[in-house]
1. Please count how many residues of region 6-39 are modelled with pLDDT of 85 or more, open to solvent by 10 Å² or more (accessible area, probe 1.4 Å) and within 21 Å of I73 (Cβ to Cβ).
2. Which of the residues spanning region 61-96 are touching a strand residue (DSSP E or B) at 6+ places or on another chain (Cβ under 8 Å), modelled with pLDDT under 90 and more than 18 Å from M42 (Cβ to Cβ)?
3. Give me the pairs: first residue in region 106-134 and free of Cβ contacts under 8 Å to residues at least 24 places away in the same chain and farther than 18 Å from N6 by Cβ, second residue open to solvent by less than 70 Å² (accessible area, probe 1.4 Å) and outside any helix (DSSP H, G or I), beta-carbon distance under 8 Å, and six or more apart or on different chains, which are they?
4. Please go through region 76-126 and pick out each residue that is open to solvent by 50 Å² or more (accessible area, probe 1.4 Å), in contact with a helix residue (DSSP H, G or I) (Cβ under 7 Å, 6 or more places away or on another chain) and of a type in the set (G, A, S).
5. If you check every pair at least six apart or on different chains, which have Cβ atoms under 8 Å apart with a residue in region 58-81 that is at positive phi first and a residue that is charged (D, E, K, R) and open to solvent by 20 Å² or more (accessible area, probe 1.4 Å) second?
6. Given (1) modelled with pLDDT under 90; (2) charged (D, E, K, R); (3) farther than 27 Å from N6 by Cβ, where does E58 come up short, assuming only one miss?
7. Which residue, of L69, L91, L64, is touching a Gly at 6+ places or on another chain (Cβ under 6 Å) and either assigned to a loop (DSSP other than H, G, I, E, B) or within 22 Å of R35 (Cα to Cα) (or both)?
8. Give all pairs with beta carbons closer than 7 Å in which a residue from region 1-13 that is part of a loop (DSSP other than H, G, I, E, B) meets a residue that is open to solvent by less than 10 Å² (accessible area, probe 1.4 Å); count only pairs at least 6 apart in sequence or on separate chains.
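The values are calculated or read from the model by the stated rules, or taken from the named source; none is laboratory data. In this text, all values refer to a predicted model and were calculated from it rather than measured experimentally. Note that each Cβ is placed from the backbone with ideal geometry, even for glycine, and that neighbours are counted across all protein chains shown. Side chains are part of the model used for accessible areas, which takes the heavy atoms of the whole protein and leaves out ligands, DNA and RNA. Shrake-Rupley method; radii C 1.70, N 1.55, O 1.52, S 1.80 Å.
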Amino acid sequence: MPKNPNVKRVLVIGSGPIVIGQAAEFDYAGTQACRSLKEEGMEVILVNSNPATIMTDEVYIEPLTTKVLEQIIIKEKPDSLLPNMGGQAGLNLGMELDESGFLAVHNVLLLGTTAKTIRKAEDRLEFKETMEKIGEPCA
């Protein structure tokens, strides 16, 4: 995918605290995404309730809720949101912000995937139907 010249400030949703029994790869993926975005010359804003992931220009160590994200988006005015580095927590929050219309009102582009694709992957029946349409077996 070619670089979108309109993307200059990216809000990355982190995965939250790492607890026993929870995989840490989403936290690692989020920090690597921040590094890669910065290497491309973008400003990166990270929201994560895990203080171990400080690898960006601005960090908000806040609870991962839609209310907190809305306040940060209003203050920081990012042009894009990367929800899929935060695992399920990030995807759920990104979807809530998109479905409520908040992202559209504030001209924030969802990066990494579309809301339609997230819905299709999250809905078991829709996912099964999609796999069957392309001839893939699905449990």
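1. So the count comes out to 6.
2. Result: E62, L64, A89.
3. If the second residue must be open to solvent by less than 70 Å² (accessible area, probe 1.4 Å) and outside any helix (DSSP H, G or I), the pairs left are F127/C138; K128/C138; M131/C138; E132/C138.
4. A121
5. Correct list of pairs: K77/R9.
6. It fails just one condition, (3).
7. Result: L64 is the single residue among L69, L91, L64 that is touching a Gly at 6+ places or on another chain (Cβ under 6 Å) and either assigned to a loop (DSSP other than H, G, I, E, B) or within 22 Å of R35 (Cα to Cα) (or both).
8. Going by the 7 Å Cβ cut-off, the qualifying pairs are V7/S80.
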